[in-house]
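Before any comments, here is the structure.
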Amino acid sequence: MPSKPPIIHATRDITSSSYLRAEQVDLEFSNGERRTYERLRAGGRGAAFVVPMLDADTVLLVREYSVGVNRYELGVPKGKLDGDETIEQGANRELKEEVGYGAHDLRLLGTLTLSPAYMTHVAHVVLAQNLYPERLPGDEPEELEVVPWKLSELHTLIARDDVSEGRSIAALFMAREYLAGRWTLS
């Protein structure tokens, strides 16, 4: 098993849009083999996925239109990190914009990737507790529906047709296991 990652000899853009950039990455592995990989490169520092807990068992989810699957999806509030804000600041801003609450207690639970074999995007999972009402204007084209859900009923949530975003599901499981004391942060 290799003990160190491959050496990157070069990267170059092969296409770009306002949303995605693709680049080629020339690599040399520890055994001397060379390959050129392609990856989608995310802009910015990633996104915050927020698990807002109204009480010990109630999470606040949002129903939002998802153009990739052309339907409304139910999931955790989320959004990209802006400028120089910290992960916690970005999570709290998104919570205020999408749910109408802020949080006194924010805890980074971990980071998730989406297709790490060819994408650089990361999602930071933040647990939000001790909520208080506060709304900030958001960038959504329509008001989002806020849906309370019991974490103890997570098994029924993931059976729904409108719940398919893997990072939202993983964030909810991370929060449930952390809150139950079955998982601790390092």
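Throughout, read-outs are computed from the coordinates displayed, never taken from laboratory work. Every value quoted in this text rests on a predicted model; they were computed, and no experiment measured them. Positions of Cβ are backbone-derived with ideal geometry, glycine not excepted, and every protein chain shown enters the neighbour counts.
Helix 166-179: angle to the longest alpha-carbon principal axis of the chain, degrees 0 to 90, nearest 10? Roughly 60 degrees, rounded to the nearest 10. Axis angle, to the nearest 10 degrees, between helix 87-98 and the longest C-alpha principal axis of the chain: 50 degrees.
In this structure the amide hydrogen of Leu61, modeled in the peptide plane, comes within under 5 Å of the amide hydrogens of Val147, Trp149, none closer than 5 places in sequence on its chain. Put in order of Cβ neighbour count within 10 Å, fewest first, the listed residues His121, His104 become His104, His121. Stretching the chain fully between Arg63 and His104 yields a gain of 12.4 nm (0.36 nm per residue, less the alpha carbon separation).
The alpha carbon gyration tensor of segment 47-179 gives principal lengths a ≥ b ≥ c with a/c below 1.5, which makes the shape rounded.
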